[in-house]
Amino acid sequence: MTAYPIQASTALITGAGRARGIGKGTVDALLAAGARRVYVAVRDTAAAAKVYAGYDPRVQIVALDLEKPGSAEALAKQLGDVQVLINNAGLFTGAGALGSDADQRREFEVNVFGPLALTRAFAPVLARNGGGALVVLNSVASHFSFPLGASYSASKAATHIFTQGLRRELAAQRTHVLGVYPGPIDTDMAEKIEMEKTSPASVGRAIVAALERGDEDLFPDGTGEQMYAQFRQDPKAFERYLATMA
Ligand SMILES: NC(=O)c1ccc[n+]([C@@H]2O[C@H](COP(=O)([O-])OP(=O)(O)OC[C@H]3O[C@@H](n4cnc5c(N)ncnc54)[C@H](OP(=O)(O)O)[C@@H]3O)[C@@H](O)[C@H]2O)c1
C-alpha cells in the first residue's frame, strides 16, 4: 500500500471524452491536485477536442480505440512519461445472460481485454517511471449480477479479478493498484438507471484522494457502498432482492 502523490505527475486516462463522464470528473480532480500533464485517450479525438476546447493546457488528447488491435501498443510507444494509468473507458450494452452474443463480446472487449492490453503495454513504461500507479474502474456490480445487464456485470467481475492479479503481478515493479467500485453515477451510461446517483465530479475527487492515501479499493459513493454492505451481509438474500428489481 503506497500513497501516490498526484502533484507534478503525468497521468493517462481512457474514455474521458464525454462532458459528464467519470473520466472528465477524474481529469478535473487530477488537474486540481497539481498533475503536470493529463493525457485523455479517446476513440473520437474531434469530439473530445470540442469538450476540452479552451481548457487547461495540461490536457492533451490522444487516440485510442480499445476494440482496435495494436491501438494500445502504439500509444505506449508514443507516451513514455506516463506514471498513472487510469482504465476508465467502459461499455454497457444492457445484454442479459441470454442476450446478443455480439453485445456480450463487445462488452468483454472494451471492459476486459482492451484495458488488459493497455495495462500490458504500459507496465514497462510505469516501471521505467518508478512504478507509478494503476487505477481500474470496476463496479459494485463486479460482485453480483445487476438486473439491467448480466453481461456487463460478468465483464466487471472479470476486471475485478484481473485487478487483484495485476496488483500481485505489478508489486515487484512497485506499481500501486487501485480498484474502484462505483454504484450508480450520474453519467450517460447510467441514464436508464432509476436510483439515487452520485456526481461524476465527486467520484473523480474520491479517486484522486484514494490514490493519495494509498488505498487499494474504493467505493466512491453511498449507494454503491450500501449495496455492497447488503451483498456482504447475505449474498443469497441480496441475489433474490435484485431479482425482484428486474
Ligand atoms: N455510471 C455508472 O453508474 C458506473 C457505475 C460503475 C462503474 N462505472 C464504470 O466507470 C467507467 C466510466 O463510466 P461512465 O459512466 O463515465 O461512462 P460513459 O460516460 O459512458 O463513458 C464511457 C467512455 O468509454 C469510452 N469507450 C467506449 N468504448 C470504447 C472503445 N472501444 N475505445 C475507447 N473508449 C471507449 C466511451 O467513448 P465514446 O465517448 O467515444 O463513446 C466513453 O467516453 C466505466 O468503466 C464504467 O463501466 C460506471
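The values are calculated or read from the model by the stated rules, or taken from the named source; none is laboratory data. Fair warning: this is a prediction, and the values are worked out from it, not measured in the lab. Note that each Cβ is placed from the backbone with ideal geometry, even for glycine, and that neighbours are counted across all protein chains shown.
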Exercise. What are the residues in region 121-140 that are more than 16 Å from the ligand (Cβ to nearest atom) and either outside any loop (DSSP other than H, G, I, E, B) or over 12 Å from Leu12 (Cα atoms) (or both), if any?
Worked result: Ala123, Pro124, Val125, Leu126, Ala127, Arg128, Asn129, Gly130, Gly131, Ala133
Problem set entry | Answer from Val27, Val62 - the residue that is part of a strand (DSSP E or B) and over 21 Å from Arg167 (Cα atoms) | Val62
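Per-residue answers, yes or no, for (1) under 19 Å from Gly130 (Cα atoms); (2) β-branched (Val, Ile, Thr); (3) in contact with a helix residue (DSSP H, G or I) (Cβ under 9 Å, 6 or more places away or on another chain); (4) surrounded by 15 or more Cβ atoms within 10 Å (Cβ to Cβ):
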{"position": "Ala3", "(1), (2), (3), (4)": "yes, no, yes, no"}
{"position": "Ala8", "(1), (2), (3), (4)": "yes, no, no, no"}
{"position": "Gly21", "(1), (2), (3), (4)": "no, no, yes, yes"}
{"position": "Lys24", "(1), (2), (3), (4)": "no, no, yes, yes"}
{"position": "Tyr39", "(1), (2), (3), (4)": "yes, no, yes, yes"}
{"position": "Arg43", "(1), (2), (3), (4)": "no, no, yes, yes"}
{"position": "Ala46", "(1), (2), (3), (4)": "no, no, no, no"}
{"position": "Ala49", "(1), (2), (3), (4)": "no, no, no, no"}
{"position": "Pro69", "(1), (2), (3), (4)": "no, no, yes, no"}
Exercise. Can you name the condition, by its number, that Ser145 falls short on among (1) farther than 26 Å from Thr223 by Cα; (2) hydroxyl-bearing (Ser, Thr, Tyr); (3) away from the ligand (no atom under 12 Å from the Cβ)?
Worked result: (1)
Problem set entry | Pick from region 92-113, criterion without any contact (Cβ under 8 Å) to a residue 60 or more places away in the chain and within 11 Å of the ligand (Cβ to nearest atom), ranking: nearest to Asp44 (Cα to Cα) | Val110
Exercise. Is region 163-177 home to any residue that is within 9 Å of the ligand (Cβ to nearest atom), in contact with a helix residue (DSSP H, G or I) (Cβ under 7 Å, 6 or more places away or on another chain) and either outside any helix (DSSP H, G or I) or at pLDDT 95 or above (or both)?
Worked result: no
Exercise. Helices (runs of 4 or more DSSP H) wholly in region 199-246 with at least 1 residues that are more than 25 Å from Arg168 (Cα to Cα) and modelled with pLDDT under 95 - which ones?
Worked result: 235-245
Seminar exercise, completed: Residue hits (region 1-31; without any contact (Cβ under 8 Å) to a residue 60 or more places away in the chain and more than 10 Å from the ligand (Cβ to nearest atom)) are Gln7, Ala8, Leu31
